[in-house]
Amino acid sequence: MSTASADLTQNNDNVKSSDCENDFDFSKLPHKPRNLNMERQRSFDERSLVEASPRYTWAENGQRHIDNESVFSPSRRSSFNTPRSLYGFEPHPMFAEAWESLRKTMVYFRGRPVGTIAALDNSDEKLNYDQVFVRDFVPSALAFLMNGEPEIVKNFLLKTLRLQSWEKKIDRFQLGEGVMPASFKVLHDPIRNTETLMADFGESAIGRVAPVDSGFWWIILLRAYTKSTGDSSLAETPDCQKGMRLILALCLSEGFDTFPTLLCADGCSMIDRRMGVYGYPIEIQALFFMALRCALVLLKQDAQGKELIDRITKRLHALSFHMRSYFWLDLKQLNDIYRYKTEEYSHTAVNKFNVIPDSLPEWVFDFMPTFGGYFLGNVGPSNMDFRWFCLGNCIAILSSLATPEQSMAIMDLIEARWEELVGDMPLKVCYPAIESHDWRIITGCDPKNTRWSYHNGGSWPVLLWLLTAACIKVGRPQIARRAIEVAELRLAKDGWPEYYDGKSGRYVGKQARKHQTWSVAGYLVAKMMLEDPSHLGMISLEEDRQMMKPAVKRSSSWTC
């Protein structure tokens, strides 16, 4: 969440909004969930298959066995308008409260809902929490889609698409044509009785950095809308097709980079302040991968689409190879890095990025469990950021950037390091915190990102929905259920804070806004997805069997 002032350049939007599944295998389950009030259809060639698979655990003898407690049965769809849970028992009191809070944040433009504000902030210093942020709206949009209310999502997609076409300048420098706004605000003029939109493309953000992730989230949400409603007509409109092509043209442009990953500045994503994630941060790479895969099924097979689809396919093959080969870390890989030789040249080099083994942080040796692994925070020349980043790893699972084995290993890590990553309030945005001299150098003495606070090891309840989706896809929903139960102990009582501070997330964040919309929506999405796992289809992608896979050896910790 950006904390910049709302001093934005005003622009008029005089164009009215035009009127413009995941297939789930229930054959072995006792009953099917009830459909939404609209017919759910198969919209694309690809299938996002999610199986109610059991959780595997390991005994002391090294043998794997099935935990039958982990097998789940999907129930019927939940609805805020129904007083009783369709499970057959009373829902948690937080659920109805969350829906009431979410509806209070809805923003209207010319009589139509177009989004939700970032927070119902009653403080004197509102900053920009009264705006609609693209990334923040995603969990709200998913909640509305799951509840059979797609209109607000459609209007949001169309309005942000219109904003994309605006001229974007920061200090006389013009941004790329495809850049999506970080946020927008509806301005009411009571004298003229008019409404206009004003957008922020980064010119008012902390550090004046444009949001790289907004365009990716927009494409991902367009697919979610299409999968949920079965209506492909919106995605097929010329405006939506052009919007996707402009976003992808920025990302697929050729330059000096020798890696298929996307080079980014600090502050271009959810972590919107200086946190040492410049280069090739895992969050952006995972979102990039997922947006490319979504675009493959959304783009039309016309002259312009086919050329772009070919470029996307080639990039996906290279990107998946690169990420699975060089960003993945488990016990065996950590040991290999520990024994790296340096100053290697030619194509035979093993230490391709010239990482100095002495640069390995001491904490990572204790943090890495015997069973488990994760995608590194960043990899570049002489640089490996060993920090764990939640969003990037969860998106890697949902997009199938992670292989099935890697996805299971990420879940193993979360369970093995539960106190560190979940603790008293899920979920750590990154781990561990940077402090002392490193904090001064890496963050520039950022007073908001002090150790175990905000982006620097803070706990963000919004991440519950991503964890839940990833758990269901891997077939281990009990992990998500346990995390939700932890959140339900305090989240509503504390007033739905933006984030929590402390090594275990015990304290409401020192500058956290209360009644944070995506904290509310993240909880709703997590609960509704557990109740009806078929919702996963709108945000998950099945593994592409044709995708080129690198010859990555599995850790010796794995047993078949």
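The values are calculated or read from the model by the stated rules, or taken from the named source; none is laboratory data. None of these values were measured; they are calculated from a predicted model. A quick note on method: Cβ atoms are made from the backbone with ideal geometry, for glycine too, and the neighbour counts reach across all protein chains shown. Remember, those area values only see protein heavy atoms, side chains included, never the ligands or the DNA or RNA. Shrake-Rupley method; radii C 1.70, N 1.55, O 1.52, S 1.80 Å.
The table that follows gives values for the structure above.
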item: Looking only at region 428-465, and only at residues there that are small (Gly, Ala, Ser) and in a strand (DSSP E or B), the one that is surrounded by the most Cβ atoms within 10 Å (Cβ to Cβ); result: 459
item: Pair list, Cβ under 6 Å, 6 or more apart: region 260-274 residue of a type in the set (S, T, N, Q), other residue open to solvent by 10 Å² or more (accessible area, probe 1.4 Å); result: 261/280; 269/283
item: Options 530, 536, 524: the member that is at pLDDT 95 or above, in a helix (DSSP H, G or I), open to solvent by 10 Å² or more (accessible area, probe 1.4 Å) and of a type outside the set (D, E, K, R); result: 530
item: Residue pairs meeting the criteria (Cβ under 6 Å; at least 6 apart or on separate chains; first under 18 Å from residue 342 (Cα atoms) and at pLDDT 95 or above, in region 383-397; second open to solvent by less than 10 Å² (accessible area, probe 1.4 Å) and not aliphatic (A, V, I, L, M)); result: 385/377; 385/378
item: Flag for residue 468 being crowded, with 24+ Cβ neighbours inside 10 Å and either outside any strand (DSSP E or B) or among the β-branched types (Val, Ile, Thr) (or both); result: yes
item: Cβ pairs under 7 Å, 6+ apart, first in region 499-524 and more than 23 Å from residue 96 (Cβ to Cβ), second of a type in the set (A, V, I, L, M); result: 499/512; 500/425; 500/508; 505/425
item: Any hit, region 193-206, residues being crowded, with 24+ Cβ neighbours inside 10 Å, at positive phi and modelled with pLDDT under 95; result: yes
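Per-residue answers, yes or no, for (1) closer than 19 Å to residue 443 by Cβ; (2) among the small types (Gly, Ala, Ser); (3) open to solvent by 40 Å² or more (accessible area, probe 1.4 Å):
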residue	(1), (2), (3)
257	no, no, yes
263	no, no, yes
270	yes, no, no
294	no, no, no
306	no, no, yes
313	no, no, yes
321	no, no, yes
336	no, no, yes
